[in-house]
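Each remark here refers to the structure printed beneath this line.
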Amino acid sequence: MFDSIWWVLLLPILGSILCAFQSKELGRTGTGSVACLSILGAFAVSLYHLVNYSFPHQYVAWTWLRLPLERGFQFDTLQFDVGAYVDGLTVVMLAVVTGVAFLIHLYSTEYMSDEIDYGRYFASLNLFVATMVCLVLANNLVMLLIGWGGVGYASYSLIGFYSEKPSALAAARKAFLINVVGDIGLMVAIFQIASTIGSVNYSDTIGNVNSLKILAPQATLIGMCLLLAAYAKSAQLPLHTWLPDAMEGPTP
C-alpha cells in the first residue's frame, strides 16, 4: 500500500541519486538546491502526518521475500515486508530527523561551497537522512537492520570524505568496523527472535504479549545483543573510540 508517508523516505533517496549522478549538470547551486529541497519536502510530509495523526497505522508496500519454516514454529512462512509502522513516536521522530537535517543541509551549502566533490558530499548526506528515515519508519526488524546498517555506511562515506588524507580514511575504516560489530549484534538478536517466533514484524514480536513470553528464556541474550548494537552505533563506552576520529570528516 502506497501512502504519502513513503515520500519521507523516497525524497531523500531521489535527492541522493541526483546529487551523485547529476551534480555536474546541476552545478553547485542546483546540487545544493536539490539536496535541500528533497529534505524540506520530507520535512513537510512529516509535519503533515504529525499534525493529522490520530491513531497508529501500518502500511505494507510489498512483500519482497518469503522463507519456508520447519513445522513447530508459530508461522508457516517467514515473511519480509517493505513496510512502515506509523505511531505517535514515529511522526515525532520523523519531524525531528528531517527538520534538523534540513538545517544541516542548508548550512552545508555555504560551509562546503569550496569543496571539489560538492555532489558527493550531498549525496552522502541525503543518503544518511534516508537511512535514518528507514530506521524510524520500519515496521519489522529486517527493515530496521537495513536502516541501521545504512546509517553506518553513510557515516563511513562522510567521515572518509577527504579521501586524500590517510587520517580520514583510517577514521572512516575504524567507524565502519566498530559499527559492524553493532550490526552483528543486531543480526544475532533478529535471528534469535525470527527463529523462535517465526516472524520479524513488530506486531508479532515485541508488540505481542504471547511472543514475549515465548522469548523469555532468550531475553538476556537478545537484550545483550541489542545493547551491543546500540553501544556501537551511538558510540557509548567501550565502543566510543570511533567518534572523536570522526571529526576527520566535514563537520556541518
Item to complete: Could you identify the single residue in 50, 67, 89 that is of a type outside the set (Asp, Glu) and open to solvent by 80 Å² or more (accessible area, probe 1.4 Å)?
Response: 89
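For every residue, the table says whether it meets (1) more than 26 Å from residue 226 (Cα to Cα); (2) open to solvent by 40 Å² or more (accessible area, probe 1.4 Å); (3) at pLDDT below 95.
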residue	(1), (2), (3)
93	no, yes, no
109	yes, no, no
117	yes, yes, yes
122	yes, no, no
126	yes, no, no
129	no, no, no
141	no, no, yes
Item to complete: Would you point out the residue of segment 152-164, among those that are open to solvent by 50 Å² or more (accessible area, probe 1.4 Å) and in contact with a Phe, Trp or Tyr (Cβ under 9 Å, 6 or more places away or on another chain), that is nearest to residue 133 (Cα to Cα)?
Response: 153
Worksheet item: With respect to the numbered conditions (1) farther than 30 Å from residue 122 by Cβ; (2) among the small types (Gly, Ala, Ser); (3) open to solvent by less than 20 Å² (accessible area, probe 1.4 Å); (4) part of a helix (DSSP H, G or I), which one is the sole condition not fulfilled by residue 216?
Response: (3)
Worksheet item: Does residue 59 meet the test of being touching an Asp or Glu at 6+ places or on another chain (Cβ under 7 Å) and buried (at least 16 other Cβ atoms within 10 Å of the Cβ)?
Response: yes
Response to the item:
All-but-one check, residue 167 against (1) open to solvent by 60 Å² or more (accessible area, probe 1.4 Å); (2) closer than 23 Å to residue 112 by Cβ, failing number (1)
Response to the item:
Filtering segment 19-33 for residues that are over 19 Å from residue 132 (Cα atoms), open to solvent by 30 Å² or more (accessible area, probe 1.4 Å) and out of contact with any Phe, Trp or Tyr (no Cβ under 8 Å at 6 or more places or on another chain) leaves a count of 7
Worksheet item: Do we find a residue being closer than 21 Å to residue 152 by Cβ and assigned to a helix (DSSP H, G or I) anywhere in segment 47-64?
Response: no
Item to complete: Considering each residue of segment 128-182, count those that are among the aromatic types (Phe, Trp, Tyr), touching a Gly at 6+ places or on another chain (Cβ under 7 Å) and in a helix (DSSP H, G or I), and give that number.
Response: 1
Worksheet, complete the sentence: Over segment 8-34, the set of residues under 19 Å from residue 96 (Cβ atoms) and touching a Gly at 6+ places or on another chain (Cβ under 7 Å) is 11
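The values are calculated or read from the model by the stated rules, or taken from the named source; none is laboratory data. Keep in mind that what you see is a predicted model, and the values were worked out from it rather than measured. Counting neighbours? That spans all protein chains shown, and the Cβs are built from the backbone with ideal geometry, glycine included. Please note that ligands, DNA and RNA were not included when accessible areas were found on the heavy atoms of the full protein model with its side chains. Shrake-Rupley method; radii C 1.70, N 1.55, O 1.52, S 1.80 Å.
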